[in-house]
1. Out of all the residues in region 9-20, is one or more in contact (Cβ under 8 Å) with a residue 40 or more places away in the chain, among the acidic types (Asp, Glu), open to solvent by 40 Å² or more (accessible area, probe 1.4 Å) and assigned to a helix (DSSP H, G or I)?
2. Could you look through region 179-221, keep only residues that are under 15 Å from the mean Cα position of the chain (by Cα), open to solvent by less than 10 Å² (accessible area, probe 1.4 Å) and under 25 Å from Thr69 (Cα atoms), and pick out the one that is farthest from the ligand (Cβ to nearest atom)?
3. For residues that are in a helix (DSSP H, G or I) and open to solvent by 30 Å² or more (accessible area, probe 1.4 Å), scanning just region 149-169, find the one that is farthest from Glu95 (Cα to Cα).
4. Could you tell me which of the residues Asp70, Asp74, Asp6 is out of contact with any His (no Cβ under 6 Å at 6 or more places or on another chain) and either within 30 Å of Ala105 (Cα to Cα) or open to solvent by 70 Å² or more (accessible area, probe 1.4 Å) (or both)?
5. Against the conditions (1) open to solvent by 70 Å² or more (accessible area, probe 1.4 Å); (2) closer than 24 Å to Leu209 by Cβ; (3) not in a loop (DSSP other than H, G, I, E, B); (4) not acidic (Asp, Glu), where does Ala111 fall short? Just the number, please.
Amino acid sequence: SNKKVDLGEWVKKHASLYEAATRHPFIESIRNGTVDISSFRRWLGQDYIFVRAFVPFVASVLVKACNETDDSSDMEVTLGGMAALNDELAWFKKEASKWGVTLSAIVPLSANVRYCSFLKSLMSSEVEYTVVLTAFWAIEAVYQDSFAYCLEEDAETPEELKETCYRWGNDDFGDWCCTLEERANRHLQMASEDVRKKAEAVFLHVLELEVEFWDMSCVGI
Ligand code: HMH
């Protein structure tokens with residue numbers, strides 16, 4: 001079918017949920033400098049657990065890219081994402097020691113457990129490549145959009161949090177997200193209506209899980 005579909009349209013169609021995920025009170029508090037540091041520390045420890053679970057998910061996307069498409073750009077964009085995760089895990093260790101967060105002692109909170117089990121469910125070979133590529137893009141795009149917002153000219157992000165914001169908010173990561181989005185759009189164009197429906201549902205579920213992840217980071221304030 002040649003119905004026009006792309007991820008930008010879904011972002012518009014579901015603008016309020018997308019906003020909830022990318023302009024969350026936790027992100028607003030980083031941007032206006034009122035962030036509660038114990039919330040930031042909680043987010044940091046929980047996100048380290050998340051990223052460790054994200055690695056095998058991205059590996060499963062890579063396996064599907066190699067099996068289900070002959071286009072090497074698909075493999076390359078995902079491989080680039082995997083390489084970045086290697087640096088990211090090292091960065092979490094360094095950042096955790098800076099904030100006195102003991103990563104080995106982190107117990108995953110329930111929103112994180114739910115998110116990680118969702119990633120695990122997407123790793124099944126039954127889940128179509130187009131669907132997991134959409135999820136991969138949505139997961140990365142929420143962080144890119146949220147943290148780039150904290151680096152805008154009029155943002156009052158505290159100096160000591162800028163490096164964190166820069167990790168996801170930088171332009172190179174933004175460009176990489178655009179490439180990933182183009183790959184996903186290309187597959188959505190070719191997909192059946194059934195697969196598109198599944199991809200849209202997965203996109204929405206990622207946004208909900210991201211909102212819950214930020215909520216979890218702010219509990220108690
Ligand atoms: C919860 N979503 C969450 N953590 C992350 N590190 C990303 C997305 C982006 O990699």
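1. Within region 9-20, the first condition is being in contact (Cβ under 8 Å) with a residue 40 or more places away in the chain, and the residues that meet it are 10, 14, 17-18, 20.
After this cut, where a residue has to be among the acidic types (Asp, Glu) as well, the list is none.
No, region 9-20 contains no residue that is in contact (Cβ under 8 Å) with a residue 40 or more places away in the chain, among the acidic types (Asp, Glu), open to solvent by 40 Å² or more (accessible area, probe 1.4 Å) and assigned to a helix (DSSP H, G or I).
2. The selected residue is Ala184.
3. Looking only at region 149-169, we keep the residues that are in a helix (DSSP H, G or I), and these are 149, 159-169.
Restricting the remaining residues to those that are open to solvent by 30 Å² or more (accessible area, probe 1.4 Å) gives 149, 159-160, 162-163, 166-167.
On the way: Tyr149: 21, Glu159: 14, Glu160: 10, Lys162: 12, Glu163: 9, Tyr166: 13, Arg167: 11 Å.
Here the residue is Tyr149.
4. Details: Asp74 fails: either within 30 Å of Ala105 (Cα to Cα) or open to solvent by 70 Å² or more (accessible area, probe 1.4 Å) (or both); Asp6 fails: either within 30 Å of Ala105 (Cα to Cα) or open to solvent by 70 Å² or more (accessible area, probe 1.4 Å) (or both).
Every option except Asp70 fails the conditions.
5. (1)
The values are calculated or read from the model by the stated rules, or taken from the named source; none is laboratory data. All values reported here derive from a predicted model rather than from experimental measurement. Positions of Cβ are generated from backbone atoms using ideal geometry, with glycine treated the same way; all protein chains shown enter the neighbour counts. Each accessible area value is taken on the protein alone, full model and side chains, heavy atoms only, with ligands, DNA and RNA left out. Shrake-Rupley method; radii C 1.70, N 1.55, O 1.52, S 1.80 Å.
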